[in-house]
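A short write-up of the structure that comes next.
The values are calculated or read from the model by the stated rules, or taken from the named source; none is laboratory data. Just so it is clear, the model here is predicted, and its values are computed rather than measured. Positions of Cβ are generated from backbone atoms using ideal geometry, with glycine treated the same way; all protein chains shown enter the neighbour counts. Side chains included, ligands, DNA and RNA excluded: accessible areas come from the protein's heavy atoms. Shrake-Rupley method; radii C 1.70, N 1.55, O 1.52, S 1.80 Å.
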Number of protein chains: 4
Amino acid sequence: MSSIYGNQLRISIFGESHGEAIGTVVDGFPAGVAVDFDFIRAQMARRRPSGGAFSTKRHETDDFRILSGIRDGRTTGAPICAVMENGDTHSQDYDNLTDMPRPSHADYPAMVRYKGANDPRGGGHFSARLTAPLVFAGSLCRSFLRTRGIELIAHIASIADVADEVFDLCRIGGGEAERIAQNELPVLSAEAGERMLALIRAARSAGDTLGGVVECAVTGMKPGCGSPMFGSVESALSSLLFSIPAVKGVEFGSGFGIAALRGSEANDPYYSENDQIKTRFNHNGGILGGITTGMPIVFRAAFKPISSIAQPQRTLNLKSGNEETLVVRGRHDICVVPRAVPVVENAAAIAVCDLLLEEYGYEGLANV
Amino acid sequence: MSSIYGNQLRISIFGESHGEAIGTVVDGFPAGVAVDFDFIRAQMARRRPSGGAFSTKRHETDDFRILSGIRDGRTTGAPICAVMENGDTHSQDYDNLTDMPRPSHADYPAMVRYKGANDPRGGGHFSARLTAPLVFAGSLCRSFLRTRGIELIAHIASIADVADEVFDLCRIGGGEAERIAQNELPVLSAEAGERMLALIRAARSAGDTLGGVVECAVTGMKPGCGSPMFGSVESALSSLLFSIPAVKGVEFGSGFGIAALRGSEANDPYYSENDQIKTRFNHNGGILGGITTGMPIVFRAAFKPISSIAQPQRTLNLKSGNEETLVVRGRHDICVVPRAVPVVENAAAIAVCDLLLEEYGYEGLANV
Amino acid sequence: MSSIYGNQLRISIFGESHGEAIGTVVDGFPAGVAVDFDFIRAQMARRRPSGGAFSTKRHETDDFRILSGIRDGRTTGAPICAVMENGDTHSQDYDNLTDMPRPSHADYPAMVRYKGANDPRGGGHFSARLTAPLVFAGSLCRSFLRTRGIELIAHIASIADVADEVFDLCRIGGGEAERIAQNELPVLSAEAGERMLALIRAARSAGDTLGGVVECAVTGMKPGCGSPMFGSVESALSSLLFSIPAVKGVEFGSGFGIAALRGSEANDPYYSENDQIKTRFNHNGGILGGITTGMPIVFRAAFKPISSIAQPQRTLNLKSGNEETLVVRGRHDICVVPRAVPVVENAAAIAVCDLLLEEYGYEGLANV
Amino acid sequence: MSSIYGNQLRISIFGESHGEAIGTVVDGFPAGVAVDFDFIRAQMARRRPSGGAFSTKRHETDDFRILSGIRDGRTTGAPICAVMENGDTHSQDYDNLTDMPRPSHADYPAMVRYKGANDPRGGGHFSARLTAPLVFAGSLCRSFLRTRGIELIAHIASIADVADEVFDLCRIGGGEAERIAQNELPVLSAEAGERMLALIRAARSAGDTLGGVVECAVTGMKPGCGSPMFGSVESALSSLLFSIPAVKGVEFGSGFGIAALRGSEANDPYYSENDQIKTRFNHNGGILGGITTGMPIVFRAAFKPISSIAQPQRTLNLKSGNEETLVVRGRHDICVVPRAVPVVENAAAIAVCDLLLEEYGYEGLANV
């Protein structure tokens, strides 16, 4: 099992950072869905390196070519393959990594797993560039979900120790997307965004990198989707989120914070509003017993700082057996979190779409 | 997809809290493995309610009967089915839940998902009692993993705001199991354990419940197991952990904490010790690029406080449409975390075993 | 992968012929379905050895106990576990098989696959007795399919060189079930049945066994279910049919016979009748491009003669390395085909049910 | 579930006959395997329409471009994507099919399944052109299997009523491949080949098409691969074979013929030869209890005649509701069987490769 996700909807991601091309095959997508290419391109543009304060100078166009599954702007029901050519690669930057694995990068375990045959250039299949086809597949799913009234929205919850405002667990779905779009970084609080940018500039000067947390919400889900045990919505979403490079933690609702509450504080009474059954606090992030409650699904993903720092580092020379000093070349982000926002937002749409297909089927969806 | 986990090794969990019986089918387990029933019984005893300070007064024997797949103490290669009869049920305690869903319990979403046909008694298939067959399956896997030098160990990292010592991310595998076994609660620090017990007693008096965090480590894993993207070790483990009732967060290595570090702090240099390649800090919890590094795998799972509190609560009467006061009956734990320790420890063994089978296959394992 | 089938609906079969018990877990079955236990028991009775002309003298009651997933006669949505205890086993009959593998039985490959740890008594997990839980799971599915107007019907197409009438590929669904039920063997032609029984009696006298072919039809399927390529209805059904012990061939519609036709003979014009789109000949057995056409699905499965014959046979003594004479003990059928009829009929219902769930989902099914 | 096959090895096929391109993603393939591109190209050339007596005049180059997963001629362990551009399409030939579904083609069920949104040009995703990426994936697998001593070989068993010699079930693996390569059609008997060509020429003159049977063998498999029940080798292979367009029957060993034998005739004694355990007749086609016996795996697949005949046909006009006369345009094969030989041969390699990975794993394979 490796680069395929899902049950009813299956997403296959392929490609290596400095290979010919990267791409995705989306299998099991409903037929007859009008594809909003402007929306997809906008999502991919959000992920693409801008060359700005925080991101790599590598120029990636991310233009995609549809090979199959879409005709005259509508899905045909056949597998959808989209391909993005690689370009602007500086492969020689990676020549020294075969013997000298980068600390906290996948170089060493990949070498063991693939017996030295993996492509180390640009991180190969482990590169964050592989999130481009993930965003393609996810935004394709979103273009379908939106027709069913389901929206996804994410923002930077924190970079290092600077926190944005948090989502109101119960009342998401007002104007957050518009507020976020107004800021240079995808944050709710302009002021927090300014402080984050200052942090990033300082880290760049110091040859260092920064981690952070992305918070995401899914609104418009009906209650009763998902399953207990291994089919829980949390299992499906976390399994997908932990496949995004650099994610080391995932929590739902109040997450690790709920572990410090008393039951009397954490419990979440039901009430009725406009003929809808709601809960007062949504500490559980829209999921109980693995199944949606109808409240917004809210989760957070923690991203570690990018391991490719500009400072010299000590590591083991696998050939000589000695510890030596490594200088990592290549053009890398300072902080992956701003670009991770659309990745999380769109990747999550894949899990939601798979869930809907399981609940409603191809025929059933026509009536939703 | 619901109550089946795994790729090469497939675990099916069945049963409802107040039904006839609960159990598991373990499919794809290697043949010829000597099963350590004493070990399995000891693990199940750790999960079983003790009737002590923190746990339910319900008397569950958890005696299991093997229906298939084990003969003369050795696995035959056929699916292994183990069954635990239910007993000592007070089903009438649940009569009022059909109309009045308990806050933060699965009652309401389950009712929607299953159109009112699900068994609400004792939580039905959503009951934490279903962790008994999970521990059976997991400890069966562990009895195999131990022959390959792989051990799992967990402790209470915290209950409410009382924290235990943390695992040394790099040096786990000394005498932690023995230290933990000496304490009434499964903690490293006897003193922290005392404070946790005091918290639990106070919560019981207050008619309240407590959450907490379980920390777990897997030692003895070779580097190079797992896959990038959707096949990451984090994806496999988190998907399993989020299927344990009440888990709302999962993190690996330094987890959410790593998001606050600089790259220069988080990076983890390689060095060599006794001809083994190691890393200095193991902030990544033994996993890079989704693949094992050979360092201990370390992760934490956050458990919310049990929703069944003794205090009266407000909730919606679905029939009348009015908010009313609910008194939850039934015999419930005050804090699930102590019993969750063996659940996490053994459940994780299932994912590890599946991973090994993928890497080595049935034949290959014979040579490991 | 082994004893679990399906995508949305997952069937796990466990047990060994002379172990404690056999059974099945049906995971992902819709909730709220009224279970027709009389129907299920009738199907299981059809499979059970009758002790008559063609079947083993072993007395199997096949009484099942429901451990989970059904309450007050309705499915709860949780996994359904049913268990059948073993009894009346003569395990000593199998003592000589460890060294002397039976020709054309699974003894030898099973020994290699499971390194000698498999349970050889009664064939262990390879026993045709495992078709009992398969019939349970299948007839459970049928009790659901019938509420959607979908019926399955099978008969003996041939035993050795004696053939029954064949199904009219286009007009199945009249009174075939009633005609078949009137005969001692499940055949359309009473006269063919008589000749088959005579063959069976002669084979019993000769210490020999007989093979044959089962023909099965599924009526009431709407057009448009299934998928091209690997998701074809033929792929799903054949994968299930080839998991029934002794099946060595599967064909759809005119099957191998269609290979001898010209396109002008094989092609199947569409026409309209009572506002339904039909085809004139249904040579394709209700499936085109892997997808249902709305015509009856028709297929045939070839069963080899039971390998356990009463005549002495030569085989290899694996210990001595010499060829020796083996006398197979145990109580075996003379011809498995009559009992295979309900096995095929009900097993096929599992694949059909899985297909419907994929097409309609849990919610969607409610509206079918 | 649709266009993805396999468990450990996953093959995704995408593309539509007249779309931009077709291709495949091979996920989970072992790393470090030297890819024999000459071998792959030779296999693809065998499948490609030759424009000769039996095949379409459409010119398909089938040149493939590797987008990922292979570097410097060796697999990297990342998913392998290969793409073949479409060209020489006459899409206007299919304009009349939307209203007038071709008899025995997928037009009508596809239209229902995909609500009219599928691409009907050239059969879209249902086109036999999709077997090109299947052959790519399969021959890639074969280039690996050959390094393990496993070979696949197929020939035309029959076209209409003209039969080739049959494989000797026990002694395959001598010079059959060489004999077959000498003939214009892939047959063992040159004389049978001549008669088949004569049949094909006559069918072309008559505006008709022909079906037939392909027989295939796998040699070099060790005993003990595969699983009972749903994991049987027959289940895996048949599920794959029935995904090849036009296949309507699959049988193993003596197949439907074995159903007419007595047990005393069908049984297959073990003996020892050169320290290898063998069976005398191999009626079971190298598989018992779903598991390999070490004898050659032999199976046959029946192909129906191509439905696109040159003769006018009657069919239903879905718009008018009247039966009308249809003339199918487009450039079509007269008999798909010659080109199906390499398709069966190579597709089967995918299932065998998946089986080996399950049995040996990535690490284990290194020692096979």
| query | Ranked by accessible surface with a 1.4 Å probe, highest first, in what order do A:17, D:50 come? | reply | D:50, A:17
| Considering every residue in C:129-137, what mean count of other chain Cβ atoms within 10 Å of its Cβ is obtained? | 1
| request: For C:222, B:319, give the ranking by accessible area with the largest first, probe 1.4 Å. | output: B:319, C:222
| said: Taking residue C:207 in one copy and the same position in all the others, each labelled 7 Å out along Cα→Cβ, what are the pairwise distances from the first, in nm, shortest first? | reply: 6.3, 8.1, 8.8
| request: Would you tell me the mean number of C-beta atoms belonging to other protein chains that fall within 10 Å of each C-beta in B:347-357, as a whole number? | output: 1
| note | Karplus-derived 3J(HN,Hα) from phi for the range D:275-284 (6.51 cos²θ - 1.76 cosθ + 1.60, θ = phi - 60°), whole Hz, x at Gly and Pro, runs 6, 10, 8, 10, 10, 6, 10, 6, 4, 8
| query | Counting pairs of alpha carbon atoms under 8 Å apart in space and at least six apart in sequence, what relative contact order in percent does chain D give? | reply | 23
| query | Carbon and sulfur atoms: what percent of the 1.4 Å accessible area of the protein assembly as shown do they account for? | reply | 48
| note | So the FRET efficiency between residue C:323 and residue D:274, C-beta based with R0 = 25 Å and rounded to 0.05, is 0.95
| request: Please work out how much accessible surface residue A:229 shows to a 1.4 Å probe, ignoring ligands, DNA and RNA, in Å² rounded to 10. | output: 20
| With Cα atoms, 0 to 90° folded angle of helix C:337-366 axis to chain C main axis | 40
| query | Taking the Cα centre of the range A:114-178 as the origin and placing charges on Cβ (Lys, Arg +1; Asp, Glu -1), which of A:136, A:150, A:170 is farthest toward the positive end of the dipole? | reply | A:136
| message | Using 32 Å as the Cα-Cα cut-off, could you pick out the over-long pairs in A:222/A:248; B:319/D:115; C:248/D:304; A:248/D:222; A:248/C:115; A:248/D:115? | response | B:319/D:115; A:248/D:222; A:248/C:115; A:248/D:115
| message | Given chain A, report the % of alpha carbon pairs whose separation exceeds 40 Å. | response | 15
| query | Quick one: Cα convex hull volume of the protein assembly as shown, Å³ per residue? | reply | 161
| task | Report, in deg cm²/dmol and to the nearest 500, the calculated mean residue ellipticity at 222 nm for the protein assembly as shown, where each DSSP H run with n ≥ 4 adds -39500 (n - 2.57) and the sum is divided by the residue count. | result | -8500 deg cm²/dmol
| message | Are there any GluC sites (Glu not before Pro) in the range A:97-182 that are in a DSSP loop and have at most 15 other Cβ atoms within 10 Å? List them by number. | response | A:165
| query | Counting only other chains, what is the mean number of Cβ atoms within 10 angstrom of the Cβ of each residue in peptide D:297-303? | reply | 3
| One-quarter of the Cα convex hull surface for the range C:184-343, in nm²? | 13.6
| query | Just the accessible area for residue B:208, please: 1.4 Å probe, Å², rounded to the nearest 10? | reply | 10
| message | Charges at C-beta only: +1 for Lys and Arg, -1 for Asp and Glu. How large is the resulting dipole of chain A about its Cα centre, in Debye rounded to 20? | response | 440
| If the range D:107-193 were replaced by its equivalent ellipsoid, with semi-axes equal to the square roots of 5 times the Cα gyration tensor eigenvalues, what would those be, largest first, whole Å? | 34, 20, 11
| Expressed as cubic angstrom per residue, what is the convex hull volume of the alpha carbon set of the range B:235-282? | 105
| task | Treating the angle as unsigned and between 0 and 90°, give the value, to the nearest 10°, between the Cα long axis of helix B:190-205 and the longest Cα principal axis of chain B. | result | 20
| said: Could you identify the residue of C sitting closest to the C-A rotation axis by Cβ and state that distance rounded to whole angstrom? | reply: C:364, 1
| query | So what's the angle, to the nearest 10 degrees on a 0 to 90 scale, between helix B:37-47 and the longest Cα principal axis of chain B? | reply | 50
| query | At a probe size of 1.4 Å, how large is the accessible area of residue B:72, to the nearest 10 Å²? | reply | 140
| said: Strictly under 4.7 angstrom between C-beta atoms: which cysteines of chain C have no such partner? | reply: C:81, C:170, C:216, C:225, C:335
| task | With a 1.4 Å probe on protein heavy atoms only, work out how much accessible surface D and A bury together, total over both chains, in Å² to the nearest 100. | result | 3600
| request: Along Cα-to-Cβ, 7 Å out, sits the label point; list in nm, shortest first, how far the one on residue A:178 is from those in the other copies. | output: 6.6, 6.9, 8.0
| task | Work out the charge dipole of the range D:311-368 with +1 on the Cβ of Lys and Arg and -1 on the Cβ of Asp and Glu about the Cα centre, then indicate which of D:322, D:356, D:332 is farthest towards its positive end. | result | D:322
| query | Going by the alpha-carbon gyration tensor, a ≥ b ≥ c the square roots of its eigenvalues, is the range A:252-368 rounded (a/c under 1.5) or, if a/c is not under 1.5, prolate (a/b greater than b/c) versus oblate? | reply | prolate
| Teacher prompt: residue D:194 distances to equivalent labels in other copies, 7 Å Cα→Cβ, nm | 5.2, 9.4, 10.2
